[in-house]
Amino acid sequence: MSLIEDCPVASGQAILPARITELLDQAPAARADVLRERLNTEFPVLQDRLARLYDCHDNFSDWLSQVVAQAVKLALSRPNDLWALDMQRASQPNWHLNGSLGYCAYVDKFAGNLSGVRQRIPHLQELGVTYLHLLPFLKPGTPPNDGGFAVASYDEVDPALGNNHDLQTLTQELRAAGISLCSDFVLNHVSHEHEWALKARGGDAHHQSYFHWAKTPEDVAAHEKNLIQIFPNTAPGNFTFIPEVKAWAWTTFYPYQWDLNYTQPDVFAEMAQSLLQLANLGVEAFRLDSTGFLWKRPGTNCMNQPEVHWILQAMRSLTNIAAPGVLLKAEAIMPTQDLPPYFGLGETQGPECHVAYHSSLMSASWVALAEENTQIIQDVLSHTPALPDGCAWMTYVRCHDDIGWNVLRPEVDARGADQRARLLHASQFFAGDVAGSYAQGAAFQASDPTVVHGTNGMAAALVGLTSAQTPAEQEAAKSRLVMMQALSLFVGGLPLIYMGDEWGQGNTSAQEIAQRQGPDGRELHRPIFDEHSFANRHDESTMQGQIYAALRAFIQAKKQHSSLSATHPLSVWHTGTSAVLGLKRGSHVLGLFNFSGQPQTLSPTPGITQNCMTHGTDLISGKALDLQGLQLAPYSAIWLKK
Ligand code: OTU
């Protein structure tokens, strides 16, 4: 299926195609000069990566020049304010790391539609948000559509949420408020109602080549042997029979999500164009969904193939030409060891994504909470590399997906053959199936009780806030929630808060779930934003007010103290007790996180003396603290500065 094996890699000096020099000669001089400079750096990269992928196709050079011309034209038509933003950011590669805070929400559940999101801007500013990820808002296929992750048109906003003009207005208002809008960009698959899929069904051979097909049941079986199942319960298998084509379309996710065939150069060119057009509407960041699956190599599990990185590096290069202020975020829910290449640290080095989700840290934090032991977080952090300039981990406690446990397999396997049981325990714990568990989540996609997959539920339900009966239980649950968020804020270059978690919203009600399209357990943590409870956020006599105040204190501290910035290296600081995680940021800041339900006392250990930090000021209370003999309340987080 892959065409690249025999492709020679182009080498030698990259010379700009005549088509491009002509375009630039006719363009206004100021922009043309800047673009010539950008192309000096980017054209050789682009030529190299795209030649690796597509050089064996006829007319590669002509195709390449069209792709570049398309980017240059979009750069020339980029609105002035965005052009200026690009120029400003080019001189500050870490612009997105400065006290940044992400927030993630569904447009309809958070605010009704895109205009409604504009009304929310003051709330986002109050919290300190600088980056807003709105879950898919492009035109989706008819429901069920995986919450919008089955896109029918990348060039149009979902009419139920607004139109392209609304999007542009929203991005402008957000920008004026210091907030960058992030849009999902589903690279791996399109809705079966996308024009390409409709044409393919109609017999158009060119558009059939935009997808992957298996011709016989034997072909399907041969592929399936090596592939994992993402939704084994609700969408078993990776292929869907399409009667009109008399073949099986490759559908890694739901049957209505057809995987794109990136061996077809037009797929790459069209997707790149749509992305850059959205950038010109003011979208400042793209969450590149399911990046790990972009390239299929028969005989492998078809994940994280080298070509994935050539595709992403080529996308980055085009972005650097047409919209260099834009961030690319890899959604690659993979073990930590598989992530460095998404930052361009793999075999083929070079700029790739600016941000990637640290899903292992997220999952490990939940395991640590269930085990009241932070060993697994330390194991994950030991696999977490320092990042190149301009790159950041997106840390988070919850998001719109399940908590996947399998990303932690390398860490648990390294601790012994019997250790996978810990993941099963965590999933049972958060489903509330373990004696003493306070959690009200649910297992995801696991029909077999001995197999772990994921866990659903809002953070408040998982930490026991919604099950708490007594003030002491409420207090413990609140502390768990705040401590988990404080850890994410401490580690992340770009920490992300999921809608409602800033004040402890609980699960979607059963009644509400019953009304939703398509059976998907993840609806449990996709509630409609509860306006009524949110209104309590400034009232500290309420639970919502206490959570909101505690969280904001950490957010503010992160913004005020540049020594907390992720540009300073992170290291594990041995606290002497595995219930308490100690993390140093640079040499002056220490974060302590007590994952146990018992108070913990720090005792003098080699860690304390070795690292020369014996005391500090609590960045939240302002109190001077001595680390020797320091008492940590159950589930508390303390940030100290020397
Ligand atoms: C992503 O998810 C999205 O976040 C999901 O909401 C979509 O359903 C999915 O893509 C398809 O578009 O594996 O790396 O286990 O973590 O599906 C991509 C559930 C993914 C998700 C998983 C994930």
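The values are calculated or read from the model by the stated rules, or taken from the named source; none is laboratory data. Small disclaimer: the values here were computed from a predicted structure and weren't measured. Neighbour counts run over all protein chains shown; Cβ positions are idealised from the backbone, glycine included. Note: accessible area is taken over every heavy atom of the protein model, side chains too, but ligands, DNA and RNA are not part of it. Shrake-Rupley method; radii C 1.70, N 1.55, O 1.52, S 1.80 Å.
For region 402-429, name all the residues that are charged (D, E, K, R) and surrounded by fewer than 17 Cβ atoms within 10 Å (Cβ to Cβ). Before you say what the answer is, go through the steps one by one.
First, pick out the residues of region 402-429 that are charged (D, E, K, R): 402, 409, 411, 413, 415, 418, 420, 422.
409, 413, 415, 418, listed by residue number.
Within region 235-245, does at least one residue satisfy the condition of being under 19 Å from residue 156 (Cα atoms) and out of contact with any helix residue (DSSP H, G or I) (no Cβ under 6 Å at 6 or more places or on another chain)? Walk me through it before giving the result.
We begin by selecting, within region 235-245, every residue under 19 Å from residue 156 (Cα atoms); these are none.
No, the conditions are met nowhere in region 235-245.
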(request) For region 509-557, enumerate the residues that are touching a residue at least 40 places away in the same chain (Cβ under 8 Å), within 30 Å of residue 593 (Cβ to Cβ) and part of a loop (DSSP other than H, G, I, E, B). (result) 526, 527, 529
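Limited to region 322-350, what total is found for residues that are surrounded by 21 or more Cβ atoms within 10 Å (Cβ to Cβ) and either more than 16 Å from the ligand (Cβ to nearest atom) or farther than 29 Å from residue 429 by Cβ (or both)?
Going residue by residue through region 322-350, those that are surrounded by 21 or more Cβ atoms within 10 Å (Cβ to Cβ) are 322-323, 325-334, 336, 339, 341-343.
Restricting the remaining residues to those that are either more than 16 Å from the ligand (Cβ to nearest atom) or farther than 29 Å from residue 429 by Cβ (or both) gives 322-323, 325-330, 341-343.
Total meeting the criteria: 11.
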(message) Which of the numbered conditions does residue 372 fail, given that it passes all the others? Conditions: (1) within 27 Å of residue 129 (Cα to Cα); (2) more than 14 Å from the ligand (Cβ to nearest atom); (3) not β-branched (Val, Ile, Thr).
(response) (1)
(request) Could you look through region 388-401, keep only residues that are at pLDDT 95 or above and open to solvent by 10 Å² or more (accessible area, probe 1.4 Å), and pick out the one that is nearest to the ligand (Cβ to nearest atom)? (result) 401
(request) Check residue 287 against each of (1) away from the ligand (no atom under 13 Å from the Cβ); (2) touching a strand residue (DSSP E or B) at 6+ places or on another chain (Cβ under 7 Å); (3) not assigned by TED's automatic domain parsing to the domain that holds residue 208 and name the one condition it does not meet. (result) (1)
(message) Just checking, does region 566-575 include any residue being of a type in the set (Val, Ile, Thr), buried (at least 20 other Cβ atoms within 10 Å of the Cβ) and not in a helix (DSSP H, G or I)?
(response) yes
(message) Here are the criteria: (1) within 30 Å of residue 548 (Cβ to Cβ); (2) under 21 Å from the mean Cα position of the chain (by Cα); (3) part of a loop (DSSP other than H, G, I, E, B). Tell me which single one residue 364 does not satisfy.
(response) (3)
(request) Of the numbered conditions (1) β-branched (Val, Ile, Thr); (2) closer than 16 Å to residue 38 by Cβ; (3) open to solvent by 10 Å² or more (accessible area, probe 1.4 Å), residue 67 fails exactly one; give the number of that condition. (result) (3)
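Quick grid of which residues meet (1) open to solvent by less than 70 Å² (accessible area, probe 1.4 Å); (2) farther than 30 Å from residue 512 by Cα:
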{"position": "534", "(1), (2)": "yes, no"}
{"position": "538", "(1), (2)": "no, no"}
{"position": "563", "(1), (2)": "yes, yes"}
{"position": "580", "(1), (2)": "yes, yes"}
{"position": "597", "(1), (2)": "yes, yes"}
{"position": "600", "(1), (2)": "yes, yes"}
{"position": "603", "(1), (2)": "yes, yes"}
{"position": "627", "(1), (2)": "yes, yes"}
{"position": "630", "(1), (2)": "yes, yes"}
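Please determine whether any residue of region 134-148 is surrounded by fewer than 20 Cβ atoms within 10 Å (Cβ to Cβ), among the aromatic types (Phe, Trp, Tyr) and either free of Cβ contacts under 8 Å to residues at least 40 places away in the same chain or touching a helix residue (DSSP H, G or I) at 6+ places or on another chain (Cβ under 6 Å) (or both).
Filtering region 134-148 down to residues surrounded by fewer than 20 Cβ atoms within 10 Å (Cβ to Cβ) leaves 142-144.
Applying the additional criterion that residues be among the aromatic types (Phe, Trp, Tyr) yields none.
No, region 134-148 contains no residue that is surrounded by fewer than 20 Cβ atoms within 10 Å (Cβ to Cβ), among the aromatic types (Phe, Trp, Tyr) and either free of Cβ contacts under 8 Å to residues at least 40 places away in the same chain or touching a helix residue (DSSP H, G or I) at 6+ places or on another chain (Cβ under 6 Å) (or both).
Would you point out which residue out of 442, 472, 461 is at pLDDT 95 or above and buried (at least 24 other Cβ atoms within 10 Å of the Cβ)?
Numbers: 442 fails: buried (at least 24 other Cβ atoms within 10 Å of the Cβ); 472 fails: buried (at least 24 other Cβ atoms within 10 Å of the Cβ).
Just a single option satisfies the conditions, and that option is 461.
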